[in-house]
Amino acid sequence: MQQLFYFFRKYKYFLFFLLLELIAVFFTINNNDFQKSKFISSANEITGGFYEKTSQISNYFNLKNQNDELMLENNNLKNLVEKYTSKADSTVFISVIDSTKYHQKYTYTAAKTYRNNYHNPNNILLINKGKDQGVYKEMAVVNSKGIIGITDKVSANYARVQSILNSNSKINAKLKNSFHFGTLVWNGQDYNIVQLEDLPRQANVKVGDTIITGGKSTIFPEGILIGTVQKINAQSNNNSIDIKLFNDMSNIGYVYVVTALDKKEINTLINSSDE
C-alpha cells in the first residue's frame, strides 16, 4: 500500500495531465457529430476484432449446437422443396412467361455473432458483416428460429444489432392465424419472454398461438417466426400478452441479415410531398 501511495505521489502531475486529456477527448467526441461517428466506427472495428479472436475458442466447443441448427434448417428446406415437388406431381404447374412478375423483395447475408448481451435493459449483438458486405443501418437480423433484432450501428466489417431484448425495440407483429396486429416490445425481465402490446381487444387470442412478423415495415419480411402466446394479461391497459420466444437469446450463433430491396423506393414514395 505504501508503494502505491509513493507511485501516485511521484507521478501525480503526469496522472493529472492524463485525466485532463481524457476529459478533453470526452467533451470533443460528445459535442461533435463528426468525431463521435468516427469514434463509434473505430470502436466497432477494435471490439469486433477482439471478440472475433476470443469467440473462436468458445465456438469450437459449441459446434454440436451449431450443427444441430444447420441440420434443422436443412430439414425445413428439404420439406419445403418436397412440398412444391408434390404440388408439381399433382398436375399443378407454374409457367414463367415474364420474369418481372416474380419480383424478388429480399436477399439474405450470412453472418456470425461475436458478442451477445441479454441481461441488460438495452441489449446488443455484434456481427462480422458491415458496409463492405452490403450491411447498413435498419436491416433485419434473423436466424432459422426467428427474429434477432435490427442493425443500428455499422462500420466497414462489423455491425451492431439492437436486440429484440432492448427497451427501445418496437417491432410490428401479428397473430399467425389472423390479421390482428400489435407492437412487439420487451419489459426488461425474462430474456425468454417478450410482450405483444396494443393488440385489438376483439382479437381471438389463445395460449399457444403463434406470433410472426407483420410485414407492415420495410425492415422485416412478413411471416418471420417470433414465438408463441404464453400468457394473456387481460387486465393490462395496453392489452399486453406474453410471448415465449422460439429463439434462445442467450445462445445466438450464425444469423442472416435481411436486405429489403424495395425499401428505398417505398420510403421515397412515403416521404414525397404532394404536388
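Convex hull volume of the C-alpha atoms in segment 171-247, normalised per residue: 86 Å³.
The slack between Thr210 and Ile232, meaning 0.36 nm per residue of separation minus the straight C-alpha distance, is 6.6 nm. Taken about its Cα centre, segment 171-247 carries a charge dipole of roughly 160 debye when the Cβ of each Lys and Arg holds +1 and the Cβ of each Asp and Glu holds -1.
Values in this text are rule-based calculations from the coordinates and carry no lab data. Bear in mind that the values here come from a model prediction, so they are computed numbers and not experimental data. As a convention, Cβ positions derive from the backbone with ideal geometry for all residues, glycine included, and neighbour counts pool all protein chains shown.
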